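Encoded as structure tokens, the structure appears first; notes follow it.
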Amino acid sequence: MKQLGGSVLFVMSLAAALTACTPTGDLAFSNEGPDEVRVSTGNQDFTVDPDGGVQILGYGCTEGDIRVEFASGQEVVITEQVCPDQQIVIQDGTVDLEPTPAT
């Protein structure tokens, strides 16, 4: 019985770990900078207004680079995979990944 209980606990822990980093969900962008920026996810191109945001519903994790182009012409490229548990926060010339706020 003890071994079975440990196995059940392990399976439950594994399931919890897998659901914490799910590839489904919405991809969020927040522009806290003073200017409009252009964003490309590889298959989506859009602008984000200053003090605005964009959410791509049901997008899941990115499969390629995310490019953020500022009004100055400066471009920042995020090469790592971004999933819905993170949001892309754009500021004046910088781009950061932050945890998605709980809703």
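The values are calculated or read from the model by the stated rules, or taken from the named source; none is laboratory data. Nothing here was measured: the structure is a model prediction, and the numbers come from that model. Quick note on the areas: whole protein, heavy atoms, side chains included, nothing else; ligands and nucleic acids left out. Shrake-Rupley method; radii C 1.70, N 1.55, O 1.52, S 1.80 Å.
Quick notes on this one:
- Elements of type strands (runs of 3 or more DSSP E) contained in segment 62-103, each with 3 or more residues being open to solvent by less than 50 Å² (accessible area, probe 1.4 Å): 86-91
- Of the residues PRO34, PRO23, the single one that is open to solvent by 60 Å² or more (accessible area, probe 1.4 Å), modelled with pLDDT under 95 and not β-branched (Val, Ile, Thr) is PRO23.
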